[in-house]
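The values are calculated or read from the model by the stated rules, or taken from the named source; none is laboratory data. What you see is a predicted model, and the numbers here were worked out from it, not measured in a lab. Note: ideal-geometry Cβ built from the backbone for every residue, glycine included; neighbour counts use all protein chains shown. The protein model used for the area step is the full one, side chains on, heavy atoms only, and it has no ligands, DNA or RNA in it. Shrake-Rupley method; radii C 1.70, N 1.55, O 1.52, S 1.80 Å.
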Amino acid sequence: MSRRRVVITGMGCVSPVGNTVDEAWNTVKNGESGIGTISLFDSSALKVHIAGEVKNFDVERYGIDHRAIRKMARFSQFLLAASAQAIDDAGYTKDTLKSEKIGLMVGCCLGGMDVAEEGFVKYFDSAFGPDRLPPLTTPMMISNEAAANVNLYYGLQGLSWTLNTACASGTDAIGLAADLIRSGRLDMALSGGTESAINGFTVGTFTALQALSIKRNDEPKKASRPFDKDRDGFVLSEGSAVLMLEELEHAKKRGAKIYAEIAGFGSSNDAYHITAPLKDGSGAALAMKEALSDAGLQPTDVQYYNAHGTSTKANDKGESAMLKLVFAEHAKKLKISSTKSMTGHLVGAAGAIEALFCVKTITDGFIAPTINLDAPDIENGCDLDYVPNKGVACAVDVAASASLGFGGHNGALILKRYVD
C-alpha cells in the first residue's frame, strides 16, 4: 500500500521581516534585514543592544477579543496570529475547521521568558513579594500555552503537542506532524513554531554564553553574517510561522490549493556537547541522510538548502562540514543560503520560518541570499555557494532545510514541488 502523502495548503507568518507571508518573503528575497536596535526593554546595562523584533504587530486585527489577549504572552499572540493566517490561507474558517480530524504541533524552546522575568522581578521586590505575584504568571509563561490559546480560540479538541528540541523545535514539529498524518492519526495539522524572548534576562544569559553578536550594536543590519570570517555570534529574534499540513487526497477532495509537499523528515542527536555541535557535522548528517531516505531521494536531487546558518563560529563550520558529508561532490553545486542573515535567530520558530521560505523558493523559483557575506571563512571550511548578498532566480524542485539545536538536537526536512 502506498504511503499517505502530506502537502502544504496554508501558511502564516509573524516575523522581524514582515507580519504576512508575502511581506516576509519579499523582504528576504530583496536581501533586506529586519534586525534593529532593541526597543522592547532598556538594554543599556547589557553588551548587546540589537535584536530581530516583530514590528507593528496587532493581534486584534484577527478578531481576537482584547480581554483574551491580556491573558496571553507575546509568544502566544504570535502563534495565534500566524495560525489565523494559515487557516484563512487554507480556505478554512473557525466553524469549518472544527469538523476536521486536525491536530496542532508546535515547536517552542523558551516560552514566556518575558513573563517569567517580570514575575522574578516582583518576587524579589520588597514592595511586591510572593504574595503579590500576578496569578496568571505560570499559565502565561509555560511553553504549551501558545498552542492552548490556538485551541481555545478555534475550539480544536484534537491532538495538541508542544515540542522543545531547542533550535530544532520548529523543524521537528513539522516533521512529526507530517508523520502523524502519514500514520492516519490525523488528516490535517497546524504545525510550526513560535518564540518571543527578547528581554534582559534572556539576552543577558545568551551574552554570558558568548553566543550573541556584540561587535555591531551600531550597525544592527550587518550583525548577522553567516559563513563570513568576521562573524561573532547570532542575533536573537522573535516571531512565528505556521504551515497547514494536509493529507493529499483530503486536500484534493476539497479542492485546496497546494503549495508543496513534505517529502521527508529526519532527526538525530550529536550526543557530544550541551551547546556545541560536532565539529565534523556527523550528527546533523544523520538527520539529513534520514530525511533524504524518508523522501526516497538522492542527494543529487536537491537543488537548494536553507541553512541553519546562525553566524556563530562553531555552527557555520560544522554545518558546512555536514553538507560535504551528505552531499559529497554535489555540495559544490548546491545553492545554499541562510535567511537568518536577515531574520536573525527565531530559536524555536527558526525551523518553521525557514521551511516556509523553502516553500516560497520552490513556488517562486527564486533563492534568497545570505547577506553580509563579504569574505567567506574559507580557512574554516566555509567554501560552498552560499548565494552571497544577492538572490538568484533558479528553478527549484527539491529543497532541504536543517535545524541544529543546543543539546545536540538535529532536525531535517525535505520539501518538493507538488506533482500529482
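Things worth noting here:
- The numbered conditions (1) in contact with an Asp or Glu (Cβ under 7 Å, 6 or more places away or on another chain); (2) of a type in the set (Ser, Thr, Tyr); (3) in a loop (DSSP other than H, G, I, E, B) are all true for residue 76 except (3).
- Residue selected from the range 345-393 under the condition among the acidic types (Asp, Glu) and in contact with a Leu (Cβ under 9 Å, 6 or more places away or on another chain), by the criterion most open to solvent (accessible area, probe 1.4 Å): 385
- From the list 202, 171, the one residue that fits, being in a helix (DSSP H, G or I) and surrounded by 24 or more Cβ atoms within 10 Å (Cβ to Cβ), is 171.
- Of all residues in the range 291-308, those that are β-branched (Val, Ile, Thr) have Cβ atoms under 6 Å from Cβ atoms of residues that are not in a helix (DSSP H, G or I), 6 or more apart or on another chain, in 302/398; 302/400.
- Residue ID - farthest from residue 234 (Cα to Cα), chosen from residues in the range 30-72 that are open to solvent by less than 60 Å² (accessible area, probe 1.4 Å), at pLDDT 95 or above and not in a loop (DSSP other than H, G, I, E, B): 36
- Complete set of residues in the range 240-257 that are open to solvent by 40 Å² or more (accessible area, probe 1.4 Å) and assigned to a loop (DSSP other than H, G, I, E, B): 254, 255, 257
- Look at the range 331-359: where a residue is within 13 Å of residue 400 (Cα to Cα) and in a loop (DSSP other than H, G, I, E, B) and a partner is of a type in the set (D, E, K, R) and open to solvent by 10 Å² or more (accessible area, probe 1.4 Å), sitting 6+ places away or on another chain with Cβ atoms under 7 Å, you get 334/385.
- The sole residue among 190, 176, 180, 152 that is in contact with a helix residue (DSSP H, G or I) (Cβ under 9 Å, 6 or more places away or on another chain) and either more than 21 Å from residue 20 (Cα to Cα) or part of a helix (DSSP H, G or I) (or both) is 152.
- Matching entry among 104, 110 (being in contact with a helix residue (DSSP H, G or I) (Cβ under 7 Å, 6 or more places away or on another chain) and farther than 20 Å from residue 409 by Cα): 104
- Taken as a whole, the structure places residue 271 among residues that are at pLDDT 95 or above, open to solvent by 10 Å² or more (accessible area, probe 1.4 Å) and on the phi > 0 side of the Ramachandran plot.
- Test: residue in the range 108-121 that is assigned to a loop (DSSP other than H, G, I, E, B), over 23 Å from residue 154 (Cβ atoms) and touching a strand residue (DSSP E or B) at 6+ places or on another chain (Cβ under 8 Å): yes
- Screening the range 217-239 for residues that are more than 19 Å from residue 17 (Cα to Cα) and of a type outside the set (Phe, Trp, Tyr) and picking the one that is most open to solvent (accessible area, probe 1.4 Å) gives 218.
- Enumeration of residues in the range 325-334 that are open to solvent by 60 Å² or more (accessible area, probe 1.4 Å) and either in contact with a strand residue (DSSP E or B) (Cβ under 7 Å, 6 or more places away or on another chain) or closer than 22 Å to residue 390 by Cα (or both): 332, 333
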